Amino acid sequence: VRIFNDVITNYLAVAPPVGAGLGPAGAGGMMSGVNVVFTVTAIASGFILEKVCRGRLRGLVILGFILAAVFWFSIKFPSVYSNVTILSASMFIGAFGIALTSPLITAFFAKNYPEEIMGKLGGLMVVFNQAGIFVGIASGSLALSLTERYDGVIYLMSAGAFMGFLSALLLREPKVFSG
């Protein structure tokens, strides 16, 4: 999410063919909407998990990463970024997807591991998240400086979400036996 917030705002503002051409005010408005989606989704994630998905979170986490990977990748195409409605939908759907993942992974740990190790798991989650942020921003900045285009940044951002999808496949919820 950090590379998205740090770099994509500039992509949205810069004129085509390098960026989407919304200008600073348009990019700021778009990212404000994205942050509203992040906030509302994070707050609603518990409701979505329990009421819509009946507590089964693995599929929801997988869906969140897929939505981010696909819809954020789509913003590089002229047919998407040249239409503000389609661009907004892509940005917001990707934001909805990625905003689901962190609270749901935390819920997964809370539901499936003893409370004695929750601090360690939470700490590991923060460490891996921060390492990903560092690598993502450094790689994105390098790609941008080498190519002077945002395509590499978008590829990296989408690849990060896809890697989240792959790792979400490893989540295993215990089977509930009725007895």
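Results, tabulated for the structure shown:
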read-out	value
Selection status of LEU121, surrounded by 13 or more Cβ atoms within 10 Å (Cβ to Cβ) and free of Cβ contacts under 8 Å to residues at least 24 places away in the same chain	yes
Single residue of the range 24-66 satisfying the filter (in contact (Cβ under 8 Å) with a residue 60 or more places away in the chain and assigned to a loop (DSSP other than H, G, I, E, B)) that is least open to solvent (accessible area, probe 1.4 Å)	LEU57
Which numbered condition PRO17 misses (of (1) open to solvent by less than 30 Å² (accessible area, probe 1.4 Å); (2) touching a Pro at 6+ places or on another chain (Cβ under 9 Å))	(1)
Which listed residue, of LEU104, LEU166, LEU146, is in contact with a helix residue (DSSP H, G or I) (Cβ under 6 Å, 6 or more places away or on another chain) and closer than 22 Å to ARG2 by Cβ	LEU104
ALA168 vs. criteria closer than 15 Å to GLY59 by Cα, of a type in the set (A, V, I, L, M) and surrounded by 13 or more Cβ atoms within 10 Å (Cβ to Cβ)	yes
Tally of residues being among the β-branched types (Val, Ile, Thr) and either open to solvent by less than 40 Å² (accessible area, probe 1.4 Å) or within 17 Å of SER74 (Cβ to Cβ) (or both) across the range 145-160	2
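The values are calculated or read from the model by the stated rules, or taken from the named source; none is laboratory data. Note that the coordinates shown come from a computational prediction; the quantities given were computed from them, not determined experimentally. Don't worry about glycine lacking a Cβ; one is built from the backbone with ideal geometry, like all the others, and counts go over all protein chains shown. The protein model used for the area step is the full one, side chains on, heavy atoms only, and it has no ligands, DNA or RNA in it. Shrake-Rupley method; radii C 1.70, N 1.55, O 1.52, S 1.80 Å.
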